Amino acid sequence: MATTKAEPKIAAAPVVPVERYHGLTPKHLIEVYRLMYLSRKIDDREIMLKRQQKIFFQISGAGHEALLVAAGLLLRPSYDWFYPYYRDRGLCLALGNTPLEMLLQAVGAADDVASGGRQMPSHWSHPKLNIVTGSSPTGSQFLQAVGCAEAGRYYQKYPGAAAKVDGDYRQFKDVSFQGDEVVYVSCGDGTTSQGEFWESLSTASNLKLPMLFVVEDNEYAISVPVEVNTPGGNISKVVSGFPNFHFAEVDGTDFLESYAAFQGAIDYVRAGKGPAFVHGHVIRPYSHSLSDDEKLYRPEAERKLEVERDPITRLRKFLLSEGIVDEMALHEMELDLTDNVQDAADQAVAAAFPKPNTYLQYLYSPNLDPTSPAFQTEPIRPPLPGKPGGGEKTMADLINACLKDEMKRDQRIVIFGEDVADCSREEYLREKQVKGKGGVFKLTAGLQTAYGSDRVFNSPLAEANIVGRATGMATRGLKPVVEIQFFDYIWPAMHQLRNELPTIRWRSNNGWSCPVVIRVAIGGYLTGGAIYHSQCGESIFTHTPGMRVVFPSNALDANGLLRTAIRCDDPVMFLEHKRLYRETFGRAPYPGPDYMIPFGKAKTVRTGHDLTVITYGALVPRALQAAQRMEREHNVSVELIDLRTLNPYDWEAIANSVSKTHRVLVAHEDTLSWGYGAEIAARIADELFDDLDAPVKRVAAKDTFIAYQPQVEDEILPQANDVFKAMVELAGW
Ligand SMILES: Cc1ncc(C[n+]2csc(CCOP(=O)(O)OP(=O)(O)O)c2C)c(N)n1
Ligand SMILES: [Mg+2]
């Protein structure tokens, strides 16, 4: 515990059996009061600063202090792991976050340890203390906490995976783990309605993870009362059927009751028996936030009842009635704390702000640049056909080969997703009763058999579960390479994909990072794939800063780019076109275990001087066909550029080609309007206007969904003939 500036006097040594205070001494209890009071005073000071317009937002931990200080004193900073939410000021103070650190975040200072002025106050993050950066969406922390707990368990089993290794993302990750660590994660009563909360309970229960779930029930979610969110109004009753859990429901305004509940819960978790769930009934005396006035929806009588349960008043009375401290000493301590907070606030208000032009910093790794020549290697000389490893391989073969090679090289890689394992019931494999599945497209076939079920396993049928857990694992240094079975089903993971994974490094000012690779089967031309097995939609992710997006068109590129994705230190969405998995187009010999292609380097598939086509994915073979026909039938020479990676993309290659041909067509499979091509076309029009002899043209899918009937599908998706027609038009300008 931290010490107070002035030690309060302990009144005439009380003769109390220590058990009465659950092992705490009177001195400890005074320290508890100090932390709780400090927490409230920081809230009060922030409220004042907000009124003075020196800070821009305030949300308090008022009424939750007893529960949180109890948890904070029993858990271990820099040892256990923490995914707190915005009310957890008391927890963070008890773990060692200082009032100055908190107030620096409130003013948005450059030296704010949590975010460097990027996140609102009370969005805790403290890498040294293992407090992991939190966001504003309610509930998105839960699945990451699951992944964090899984990572701790993985390192215990495979300590070698924690080793630092030069030459890839691992050299930038210090990995620590403890045998009996606990992962704390909390939320309010309203947030228990989020699906990800339930997904996390399911996985924690199933895997008996060392997690401590805390629900801080102040009976309101802004203005919505608990019975609207929770069936029957009591979350403890609703969750009670989850196997393997230790449950406790407490009056969270009573410090000693909360402390005892956490003792039991944490002992259970540290002993490896499974997760624990503590439900604390607390109060919310300061409305939801400074932007809310609870008088609009709570009558005075109800609010008055809350005042009587104020945890700080309660502990104060208790300390006095037990004779642990006298009024005078308490008063002195309170004045002292108020002064301390005032000093910290003065310091924070005078602190320097971040430089406005630093906004791009830490979107991506500052240490490892996947566009650099370090990621450029040559394929090994292909073995002769007929020899092992020889012959032309499909994209599916070479993706599988890359995963196999990388798993061998890097013990931090784990692979999971729906159906990716060979067989979840391992004994069937062991006894050779079955051959194993390894993915609906068989891209992960044989990996579980080769590397074991700790490293390759099936997830539940829940996409947020896949991405959220992967994010938590990667935050702790693992390298999850997960699979989303069909792009059409990526949307349940959207919160994680938009608000979490790509934001973590930026929002924590490089305090945390989570370089996950997400392989996604994408695209149409399947003949019967219909609306829910054919979608594209890559522009939604290229529109998300912090996310690398890769879309290879052939086997060799898929192999080299996937390896770069795995060895780099950024989140990567790796889009694999289903139609290209086993096409004859773009097959290649196995390029060896170290073949890499840097991101942001387009490939000129065909050189030409009359017209440029910029494309990627399944449009590459279609545009190639059209280009060959243009040459044959119109004597027009077409330059064909395969972008290969969509974020970053190779602007230089585009500009060089357009300055040579003066005519440009952007072609892609996704729908036309607001599509990826719109950005490329707009930038060409803006920056290369002087080079153009014709308007920038686009070819893409019609602005609709994809129909099941093949003739209708053909009409909707861009065909080689559509590309050809656009080329003719463009060449005629
Ligand atoms: C996904 C999401 N939806 C809505 C919001 C806006 N919002 C912020 S806090 C909150 C209420 C949360 O209530 P509860 O979980 O009970 O926590 P409390 O604030 O009461 O401690 C809402 C609706 C949000 N931050 N995230
Ligand atoms: Mg609430």
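Brief remarks on what is shown
- Rough spin-label spacing in nm, given labels placed 7 Å along Cα→Cβ, for SER136 and GLN628: 5.3 nm
- Overall form of the range 478-541 per C-alpha gyration tensor (a/c, 1.5; a/b vs b/c): prolate
- Gyration tensor verdict on the range 520-578 (Cα atoms; rounded if a/c is under 1.5, prolate if a/b is larger than b/c, oblate otherwise): oblate
- Over all Cα atoms in the range 640-733, the spread is summed up by Rg and Dmax: 14.0, 44 Å.
- Convex hull volume per residue in cubic angstrom - Cα atoms of the chain: 182 Å³
- Among ALA301, SER287, PRO718 - extreme Cα towards positive end, dipole of the chain, charges at beta-carbon: PRO718
- FRET efficiency for GLU308 and ARG20, using Cβ-Cβ distance with R0 set to 22 Å, rounded to 0.05: 0.40
- Helix-derived mean residue ellipticity, 222 nm - over the chain, DSSP H n ≥ 4, -39500 (n - 2.57), to 500: -11000 deg cm²/dmol
- HN-Hα J in Hz across the range 453-458 - Karplus 6.51, -1.76, 1.60, θ = phi - 60°, x for Gly and Pro: 7, 6, 9, 9, 8, 7
- Sites listed here are chymotrypsin sites (Phe, Trp or Tyr not before Pro) in the range 661-715 whose DSSP assignment is loop and whose Cβ has at most 16 other Cβ atoms within 10 Å: TRP674, PHE705, TYR708.
- Taking the Cα atoms of the range 148-272, the ratio Rg/Rh between the radius of gyration and the Kirkwood radius comes to 1.06.
- Rel. contact order, % - alpha carbon contacts under 8 angstrom, at least six apart, the chain: 12 percent
- For GLU308, the solvent-accessible surface computed with a 1.4 Å probe is close to 140 Å², ligands and nucleic acids excluded.
- Listed residue (ALA163, GLN194, GLY179) projecting farthest to the positive dipole end of the range 148-197, Cβ model: ALA163
- Simple spin-label estimate for GLN178 and ASP690 in nanometres, 7 Å along Cα-Cβ: 6.4 nm
- Computed accessible area, ASP722, all protein chains, 1.4 angstrom probe, square angstrom: 50 Å²
- Sorting the segments 557-569, 430-442 by their mean number of nearby beta carbons within 10 angstrom, highest to lowest, gives 557-569, 430-442.
- You can think of it this way: the chain between PHE56 and GLU378 has 110.6 nm of extra reach, that is 0.36 nm per residue less the Cα-Cα gap.
- The slack in the chain from ASN357 to GLN171, taken as 0.36 nm per residue of separation less the alpha-carbon distance, amounts to 64.1 nm.
- Where both bridge residues fall in the chain, DSSP classifies roughly 15% of the beta bridges as antiparallel.
- C-alpha center-to-center spacing [the range 161-226, the range 425-454] in angstrom: 29 Å
- Degrees, to the nearest 10: 65-74 long Cα axis against longest axis of the chain: 80 degrees
- Check: the chain dipole with +1 on Lys, Arg Cβ and -1 on Asp, Glu Cβ, in debye: 1840 debye
- Pairs of Lys residues in the range 50-203 that lie 8 or more places apart, or on two chains, and have C-alpha atoms under 21 angstrom apart add up to 4.
- The distance between label points at VAL228 and VAL728 comes to 6.1 nm (points 7 Å beyond Cα on the Cα→Cβ vector).
- Helix axis angle, 142-157 relative to the chain longest principal axis, alpha carbon, degrees: 90 degrees
- Among the protein heavy atoms, those of ILE324 account for about 0 Å² of accessible surface (1.4 Å probe, every chain in place).
- Using the Cβ-Cβ distance between LYS273 and THR584 with R0 set to 45 Å, the FRET efficiency works out to roughly 0.20.
- Cα-centred dipole magnitude for the range 20-91, charges only on beta-carbon of K, R (+1) and D, E (-1), debye, nearest 20: 220 debye
- Listed peptides 456-467, 231-242 by packing density, highest first (mean Cβ within 10 Å): 456-467, 231-242
- Once the Cα atoms are used to define both axes, helix 651-661 deviates from the longest principal axis of the chain by about 30 degrees.
The values are calculated or read from the model by the stated rules, or taken from the named source; none is laboratory data. Predicted model, so just to flag it, every value in this text is computed and none were measured. Positions of Cβ are generated from backbone atoms using ideal geometry, with glycine treated the same way; all protein chains shown enter the neighbour counts. Side chains are part of the model used for accessible areas, which takes the heavy atoms of the whole protein and leaves out ligands, DNA and RNA. Shrake-Rupley method; radii C 1.70, N 1.55, O 1.52, S 1.80 Å.
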